[in-house]
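Engineer: Below are the structure tokens for one structure; questions will follow.
The values are calculated or read from the model by the stated rules, or taken from the named source; none is laboratory data. On a predicted model such as this, the values are computed, not experimentally measured, just so you know. Note that we place each Cβ from the backbone using ideal geometry, even for glycine, and neighbour counts take in every protein chain shown. Accessible surface is based on the protein model in full, side chains and every heavy atom, while ligands, DNA and RNA are left aside. Shrake-Rupley method; radii C 1.70, N 1.55, O 1.52, S 1.80 Å.
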Amino acid sequence: MPIERTPYAAAANRYEQLDYARVGRSGLKLPRISLGLWNNFGEDKPIATQRAILRRAFDRGVTHFDLANNYGPPTGSAETTFGRIFADDFRPYRDELVISSKAGYFMWDGPYGEWGSRKHLLSSLDASLARLGLDYVDIFYSHRPDPSTPLEETMGALATAVTNGKALYVGVSNYDAEQTREAHRILGELGIPLLIHQPRYNMFDRRLEDGLLDALAELALGSIVFSPLAQGLLTDRYLDGIPADSRAAQGRWITGDTIDDVYLERARALNELARQRGQSLAQLSLLWVLRHPQVTSALIGASSVRQLDDSLDALNGAALTVEEIAAIEPHAVHGTGTR
């Protein structure tokens, strides 16, 4: 017997709750915090929880949902889950949503199952659209640069996605500054703007500051940073031990070895700074990445509505002052929590 569920009607005040920022010099705006479906929308999570998170996000003004072909587990299942919930709940709101996907990491066996060839990218996009139940995605990304494929081929595939009507905009993820400049140049020659970059950035991973921020400003690109909470290291999750159900305990993306004395000293100091502001460590961490004008949005994950709400409530706090940023600096050390 099918499980009964309450029909969904979006909150009437959903656009009164969040700020939206323009992506570079494009006409597109994104919410300052967007929802990513990387780790919490696979077959290992209850669909009722996933549905509740997505509904709550949209009710609070989150219009951007970010996916990739390989999100799960297993690969592809996050798009399948989202497609099912979209069909049930969000189809009437399609024009209010920005839905993105990516291709480039391993997805299927054989020589075409990953990287940046035209064959992989366009085949993957077709499969993603089928899983999502969509005619197009709003943003399609090259998920990582391919050292063996000419960038002209990769960018040409992104341009084809737009000209074929299967994507409205294109972006890159995990590209360094020079790769981003070259991608921008090639796409420009093809008449397709490079809209956005999706790099990893947080207090413990500061590679964005090594030239990429300057490139984003120079090219007038937007960015949406992923892992702003460092897989939970920039929350209060590990300050008093390693919970049995945590990623560190399960060895998923981080391990218990990363919860060492150096990490704890820095995280606890940052937590105290957050407490002085009346915020959680997660909220402080989100405002810290959003302090750059080149950062359009921060991409969060959420395993519960409570966790989602805590992150979105970061935007209720005052912007960080120069003095607060200076106080954070000694504890926001690149490489913390890595082994």
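Engineer: What ³J(HN,Hα) values, in whole Hz, does the Karplus curve 6.51 cos²θ - 1.76 cosθ + 1.60 give for the range 183-188 when θ = phi - 60°, with x put for Gly and Pro?
Structural biologist: 3J(HN,Hα) across the range 183-188, in whole Hz: 4, 4, 5, 5, 4, x.
Engineer: Continuing with the same structure: Of LEU270, PHE226, LEU212, whose Cα points farthest to the positive end of the dipole of the chain (charges on the beta-carbon: +1 Lys, Arg; -1 Asp, Glu; origin at the Cα centre)?
Structural biologist: Among LEU270, PHE226, LEU212, the one farthest towards the positive end of the dipole of the chain is PHE226.
Engineer: For MET203, enumerate residues with amide H under 5 Å from its amide H, sequence gap 5+ or separate chain, H modeled in the peptide plane.
Structural biologist: Amide H neighbours of MET203: none.
Engineer: Relative to the present Cα-Cα distance, how much length would full extension add between GLU16 and ASP88 at 0.36 nm per residue of separation?
Structural biologist: Taking 0.36 nm per residue and subtracting the Cα distance, the gain is 23.5 nm.
Engineer: Further question on the same structure: Using a basic spin-label model with each label point 7 Å from the Cα along Cα→Cβ, how many nm lie between ASP109 and ASP240?
Structural biologist: The modelled label-to-label distance comes out at 4.9 nm.
Engineer: Could you tell me the center-to-center distance, by alpha carbons, between the range 89-144 and the range 293-339 in angstrom?
Structural biologist: 28 Å
Engineer: What is the dipole size for the chain, taken about its Cα centre, with +1 at each Lys and Arg Cβ and -1 at each Asp and Glu Cβ, in debye to the nearest 20? Write down the numbers at each step before the final one.
Structural biologist: Working: 35 positive and 43 negative charges, 131 e Å.
Around 620 debye, computed over the chain.
Engineer: Give the cross-link partners of LYS45 among the lysines, using a straight C-alpha distance below 23 Å as the criterion and excluding same-chain residues fewer than 8 apart.
Structural biologist: Cα-Cα hits under 23 Å: LYS102.
Engineer: Sticking with this structure for a sec: Please give the per residue accessible area of the chain, computed with a probe of 1.4 Å over protein heavy atoms only, in Å².
Structural biologist: Accessible area per residue: 43 Å².
Engineer: Taking K and R as +1 and D and E as -1, what net charge do the other residues with C-beta under 15 Å from the C-beta of ALA159 add up to? Please list the in-between numbers first.
Structural biologist: On the way: positive: ARG118, LYS166, ARG185; negative: GLU152, GLU153, GLU182, GLU189.
Here the count lands on -1.
Engineer: Pulled fully out, how much extra length does the chain show between ALA319 and HIS334, if you take 0.36 nm times their separation in residues and subtract their Cα-Cα distance?
Structural biologist: Extra length from ALA319 to HIS334 when fully extended: 3.2 nm.
Engineer: One-quarter of the Cα convex hull surface for the range 1-126, in nm²?
Structural biologist: 9.5 nm²
Engineer: In nm, to one decimal, how far is the HIS292 label point from the ASP59 one, both placed 7 Å along Cα→Cβ?
Structural biologist: The modelled label-to-label distance comes out at 3.4 nm.
Engineer: Right, something else. Subtracting the Cα-Cα distance from 0.36 nm times the residue separation, let me have the gained length for ALA327 to SER304 in nm, one decimal.
Structural biologist: Taking ALA327 through SER304 to full extension adds about 5.2 nm, to one decimal.
Engineer: How high is the relative contact order of the range 76-234, given as a whole-number percent (alpha carbon pairs under 8 Å, six or more residues apart)? Spell out each step's value before the answer.
Structural biologist: Numbers: 247 pairs, mean separation 27.4, N = 159.
Reported as a whole number, the value is 17 percent.
Engineer: Normalised by the residues of the chain, what does the relative contact order come to in percent, with Cα pairs under 8 Å and at least six apart?
Structural biologist: 17 percent
Engineer: Within the range 164-194, whose backbone N sits under 13 Å from a point 7 Å along Cα→Cβ of ASP214?
Structural biologist: 177-178
Engineer: Taking the chain, how much of its Cα-Cα pair set, in percent, is spaced more than 33 angstrom apart?
Structural biologist: Across the chain, Cα pairs with separations above 33 Å total 25 percent.
Engineer: Evaluate the distance, in nm, between pseudo-label points positioned 7 Å from the Cα of ARG207 and of ASN164 along their respective Cα→Cβ axes.
Structural biologist: 3.0 nm
Engineer: Using Cα pairs closer than 8 Å and at least 6 residues apart in sequence, work out the relative contact order for the range 88-127, in percent.
Structural biologist: Computed over the range 88-127, the figure is 30 percent.
Engineer: Just the number, please: carbon plus sulfur as a percent of the accessible area of the chain, 1.4 Å probe, no ligands or DNA/RNA counted.
Structural biologist: Reported share for carbon and sulfur atoms: 51 percent.
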